[in-house]
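Every read-out reported here was derived from the displayed coordinates using simple, explicitly stated rules and does not represent laboratory data. This one's a predicted model, so the numbers in the text were calculated from it and none came from an experiment. Note that each Cβ is placed from the backbone with ideal geometry, even for glycine, and that neighbours are counted across all protein chains shown.
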Amino acid sequence: MVRKILFAILFFPIFAQAGTKPSAQEIAVQLLKNAHGGVELQTINGRTSYLFFVGTSYFHYFNKNVYFNPGLDFKWGQYPTFNNEYINTSSLAVPLKVGYTVASDNGVGANFFGGVVYEQILHTSYDSDYSFPINNSQVAVTAGARINLMNTVGFTVSYAYGLIPLYKDGSGRISSFSFSFNF
């Protein structure tokens, strides 16, 4: 059931616009082709932490240059707390981006994108006995750029700003820079 819901969230806009459903093979090739991994450098209340992620995405081009790019990322890492401790987390993120291809000549491509990211924190553990109540659902706006080399590998740099505070007391607004390598 959860897989059907995630599938509908990620791919319904594509199917609705396209009018036709891509084959399972086309989807599998896209998901494999767009596998990526990277690191996210986050700042919360002036303190920095790191998250690592792996994931995949699907590109649907509306025309030669404009595309919709839903994805799914698994993240794990730490968030800083107020007393020099960390919250260890694992989470699932669903980025929904719209982008524009600026160049795609001679095996080099460049894209700019923007969108939103929904993240659900699945697990938390604390460095001490004190637990900080956090908002397990996070939403951020994001923008960035992607460079593709030889249509096989690429690099993505993006910035995200959290719209929901990490901590339930209203503090801990997250801002982050993300660097990823696209296989």
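Taking R0 as 22 Å, what's the FRET efficiency between residue 61 and residue 103 from their Cβ-Cβ distance, rounded to 0.05?
0.90
At 222 nm, what value in deg cm²/dmol follows for the chain if DSSP H runs of at least 4 each add -39500 (n - 2.57) and the sum is divided by all its residues, to the nearest 500?
That comes out to -4500 deg cm²/dmol.
If each of residue 28 and residue 136 carries a label point 7 Å out from its Cα toward its Cβ, how far apart are those two points in nm?
It is 3.3 nm.
Tell me the Kirkwood hydrodynamic radius of region 90-177 in angstroms, computed as one over the mean inverse distance between distinct C-alpha pairs.
Evaluated over region 90-177, this radius sits at 14.9 Å.
Grab the Cα-Cα distance for residue 85 and residue 116, subtract it from 0.36 nm times how many residues apart they are, and report the gain in nm with one decimal.
So the chain would gain 8.3 nm between residue 85 and residue 116.
Among the chymotrypsin sites (Phe, Trp or Tyr not before Pro) within region 70-160, which fall in a DSSP loop and have no more than 16 other Cβ atoms within 10 Å of their own Cβ?
For chymotrypsin sites (Phe, Trp or Tyr not before Pro) across region 70-160 that sit outside H, G, I, E and B with at most 16 neighbouring Cβ atoms in 10 Å, the list reads 82, 130.
Tell me which trypsin sites (Lys or Arg not before Pro) from region 34-112 have a DSSP coil assignment and no more than 12 other beta carbons within 10 Å of their own.
Taking region 34-112 and a limit of 12 other Cβ atoms within 10 Å, the loop trypsin sites (Lys or Arg not before Pro) found are 64.
So how far apart, in nm, are the two label points at residue 92 and residue 127 if each is 7 Å from Cα heading toward Cβ?
2.9 nm
Grab the Cα-Cα distance for residue 47 and residue 147, subtract it from 0.36 nm times how many residues apart they are, and report the gain in nm with one decimal.
This chain segment gains 33.1 nm when fully extended.
Among 153, 122, 98, flag the residue with its Cα farthest along the positive direction of the charge dipole of region 2-182, charges on Cβ as +1 for Lys/Arg and -1 for Asp/Glu.
Farthest towards the positive end: 98.
Rounded to the nearest whole Å³, what is the per residue volume of the convex hull around the Cα atoms of region 2-182?
114 Å³
Name all residues of region 143-167 having a backbone nitrogen under 12 Å from the label point set 7 Å from the Cα of residue 177 along its Cα→Cβ direction, giving them as ranges.
157-160
Could you calculate the contour length gain from residue 169 to residue 35, that is, 0.36 nm times the residue separation minus the distance between their Cα atoms, to one decimal place in nm?
44.6 nm
For helix 24-33, report the angle its Cα long axis makes with the longest principal axis of the Cα atoms of the chain; keep it between 0 and 90° and round to the nearest 10°.
The two axes meet at around 60 degrees.
Between 0 and 90 degrees, rounded to the nearest ten: what's the tilt of helix 2-18 against the longest Cα principal axis of the chain?
Tilt relative to the chain: about 40 degrees.
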